[in-house]
Every structure is written in structure tokens, then in C-alpha cells.
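Here the structure comes first, spelled out in C-alpha cells, and everything after it is commentary.
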Amino acid sequence: MRQERARLLKRLQERLPKATREAVNTAVSLAEERGVALYLVGGGVRDLLLEKPQLDVDLVVEGGSDGLDALGLATAVGAALRARVVTHPRFGTAVVQGEEVRLDLAQARSERYARPGALPSVRQAGLIEDLGRRDFTINAMALRLGGPGAGELIDLHGGRDDLGRRLVRVLHDASFQDDATRMFRALRYAGRLEFRLEEETESRLRRDLAYLESISGARLRHELERIAREERAAEILCLASKLGVMEAVHPSLRTGEQELRGMARLSAVAPSHRNAVMFCLLLAGSTATESKEAIARLALTGRQAEAVRGLLTLRTLEAKLTRAPLRPSEVVGLLSSQPLAAIEAFALIAGRPPAAERARRYLDEWRFVRPRMHGREPEAIGVEHGPDVGET
């Protein structure tokens with residue numbers, strides 16, 4: 001047991017960047033001085049056990065009497081590191097943000113959902129209750145960082161076994177009813193880690209799809225934006241469609257073979273407009289009315305909505321972009337008024353190769369070309385006004 005504890009602590013120290021390692025060690029020392037227990041929790045423990053190269057540092061504070069020990073500890077750590085501290089007393093959470101380091105601290109707490117889709121009310125609790133409120137077994141583990149039990153892995157829900165089985169499993173029967181956005185998280189973890197949903201978890205997800213109606217459009221949009229940042233976005237969205245999640249959000253969110261091929265190349269799109277391209281792909285097969293309804297349901301940003309509308313326009317221009325011959329200037333004339341995200345999406349899914357190729361050439365080359373002379377510049381150098389101007 002001692003060897004296991006030492007091994008986990010050593011692995012943690014090796015995985016953390018130097019600045020983060022020093023910040024965590026500072027937090028451990030200050031927690032011991034204050035007489036509270038400090039734990040690494042959630043995804044950081046999961047990824048440590050999976051030997052992932054980068055770890056999120058989410059810390060839970062247990063103990064004390066005022067219920068705000070995480071905030072006090074965060075303030076002390078921030079002062080020691082000369083870092084900025086942002087606190088959220090309502091939830092007992094704080095962020096310590098330095099130039100090269102970020103620590104998230106939270107008071108051990110329990111949560112209660114007044115109704116499906118509502119944000120939870122929280123109260124101070126012990127570590128056992130804190131772990132029991134979490135979404136999946138693989139995220140419900142903790143590693144003690146200080147004191148006599150340093151290095152102890154607290155795993156009350158079989159998270160380590162589920163890592164070995166490569167399973168995503170919810171902790172209780174009403175998990176998706178309490179917070180239906182957990183459906184998206186389950187899909188993201190399954191895709192990112194190349195896991196599968198545990199049988200009962202998948203059954204509960206299908207059963208509770210209607211609870212997605214309780215989630216606001218903005219929250220749904222944020223969950224889909226997170227998927228766009230994943231390397232395996234196509235696999236995640238394919239699974240979401242297979243399980244009925246996308247249709248439950250809105251019937252026009254479809255992912256056919258063509259769109260999925262485009263999704264497979266989504267990670268190559270610039271991060272600045274990747275999520276707008278994803279929404280274009282999701283709504284590529286919709287009508288103008290359907291896309292308008294989906295834009296409203298997901299509370300898409302103005303930029304995202306403009307891109308979706310732009311792609312629908314481009315689909316009507318595909319025949320023109322296919323015909324030969326077609327000069328680069330003509331392609332520029334057809335495409336220049338459309339959002340770049342819409343053209344990116346069109347280049348990924350256009351059914352006719354010439355149209356896709358020309359859209360790509362526009363993005364990579366032709367939009368940057370500028371005429372060498374403008375307006376009356378030819379006349380200024382002695383070329384007489386008339387048809388000969390075009391021959392110079």
C-alpha cells in the first residue's frame with residue numbers, strides 16, 4: 001500500500017509542469033498548516049491513472065469549520081505565488097491563475113437539484129458526498145495530497161475498474177435527469193478516451209432523452225462547442241446521432257455520411273471558427289425554416305448563425321462553381337460575400353469535386369490576390385482611356 005501511494009505521488013510530480021508542480025506543493029504545505037485535507041480529484045486522477053501527459057489540476061478541500069476553507073486556502077496560495085485569485089463564495093470555489101499555472105480549488109460539497117435542468121444548490125459536505133455527486137465513476141476518484149495518508153487513492157465507485165474495462169458509467173439512476181448535459185459529457189469521454197458507454201448507462205441515456213428539453217439553448221450550444229474542440233469530433237457526433245441525442249436537441253441536426261466525412265477533417269480547421277464550421281455541417285441538410293428553428297433553439301451566436309445561412313446559400317451555388325471554364329476572379333465573385341466558416345464547411349462537404357476544389361483554392365490562395373492596378377492608375381502612367389486599358 002505504501003509503495004502504491006509513493007508511486008502515484010511520484011507519477012503526479014513527473015506529469016506536472018514545473019510551475020504547476022511547485023504551485024501544488026505550495027498548496028499542500030499551506031493546507032497542512034491550516035489543518036485541512038487537500039485532494040486531487042476528477043479528471044486529473046483519471047488521466048494520472050491512464051498515464052496521460054497533461055493533467056487538469058482540480059483540488060478539493062475537506063475540513064475546517066467556516067465552509068469557506070477552499071477560498072481561504074486559494075487566497076493564501078495566490079499570495080505565496082503572487083498570482084491572481086478569483087473566488088465564487090456561493091459555490092465555495094476559487095481559481096488561482098498565474099503566468100504559467102492554474103489551480104482550481106473547491107470546498108468538498110454536496111449538490112441538490114430542485115428540478116431537472118436547474119443549476120444545483122450546494123452545501124458543505126465531506127469528501128465521500130463530494131465524490132458521490134459527480135457525473136461518472138471514472139471522474140469520481142480522489143488522490144490525497146498531504147498528511148499521513150498522502151498518495152492514498154479514494155475510489156468508492158469502481159472508477160479504476162471502469163478505466164480498466166474502458167467504460168463510461170454514471171453513478172446513479174437519475175444522473176441524466178438531474179443534469180441532461182451529462183449526456184454530452186458521456187459522449188465526449190467515450191470519444192476522447194476511446195471508451196464505450198456501460199450498458200445500463202446507455203439505456204438510461206436513451207430513456208432520458210426528453211430531459212434535454214429542460215436545458216437552455218446556450219448550455220446546449222456550449223456542450224456542442226466543446227465537442228468541436230475534440231480530436232475525435234466525428235466519432236462523438238456519430239455516436240450522438242446513433243443514440244438519438246442530436247435529434248432530441250432538434251430534429252434538423254443531422255449527420256449523414258457526407259457531413260461525417262467533413263467532421264472527420266474538422267480538427268484541421270482553424271480553432272477561431274471551428275465551432276461555426278461544425279454547426280454548418282450539422283445543419284447542412286436542413287431547409288431555411290429548419291435551420292432558423294435550430295439557430296433559435298441553440299441560441300447560436302451571430303457569427304455562427306451567419307455561417308449556417310451562408311452554407312445554405314453556397315449549396316445553391318454548387319452547380320455554378322462546378323461548371324468549366326471558370327476563372328479565379330469568377331470564383332472570387334461568387335464566394336467573397338460569404339462567411340469564411342461557411343466556405344470552409346462547403347469545401348469539406350461539396351458533392352462535386354470541382355466545386356470543393358475551387359472553394360479550397362479560394363480559401364488558400366485566390367482571396368488574397370489583389371489587382372496590381374486600380375481605378376485610374378493606367379491613365380496616370382499614360383494609357384489612354386478606352387478599350388485598350390484592359391490589354392495593358
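The values are calculated or read from the model by the stated rules, or taken from the named source; none is laboratory data. The structure displayed is predicted, hence computed values, not measured ones. Here the Cβ positions follow ideal geometry from the backbone for every residue, glycine too, while neighbour counts run over all protein chains shown. Heads up: the accessible areas ignore ligands, DNA and RNA and are worked out on the full protein's heavy atoms, side chains in. Shrake-Rupley method; radii C 1.70, N 1.55, O 1.52, S 1.80 Å.
Table for the structure above
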item: Surface accessible to a 1.4 Å probe, per residue, for the residues of the chain, Å²; result: 50 Å²
item: 10 Å Cβ shell holding at most 10 others, DSSP loop, GluC sites (Glu not before Pro): longest site-free stretch of the chain; result: 195-364
item: Carbon + sulfur, % of accessible area of the chain - ligands and nucleic acids excluded, 1.4 Å; result: 48 percent
item: Within a Gaussian network of the chain (alpha carbon springs, distance under 10 Å), most fluctuating of 314, 326, 55; result: 326
item: Computed over the chain: relative contact order in percent, which uses C-alpha pairs under 8 Å that are six or more apart; result: 10 percent
item: Rounded, prolate or oblate (a/c below 1.5 giving rounded, otherwise prolate when a/b exceeds b/c) for the range 73-161 by Cα gyration tensor; result: oblate
item: Qualifying trypsin sites (Lys or Arg not before Pro) in the range 18-100, DSSP loop, other Cβ atoms within 10 Å at most 12; result: 82, 90
item: GNM result for the chain, Cα springs below 10 Å: residue of 275, 139, 25 fluctuating most strongly; result: 25
item: Mean Cα-pair separation over length for the range 256-342, i.e. relative contact order, pairs under 8 Å, 6 or more apart, %; result: 35 percent
item: Max mean-square fluctuation residue, GNM over the chain, Cα-Cα springs under 10 Å, options 177, 107, 54; result: 54
item: Alpha-carbon centroid distance for the pair the range 18-63 / the range 154-191, whole angstrom; result: 22 Å
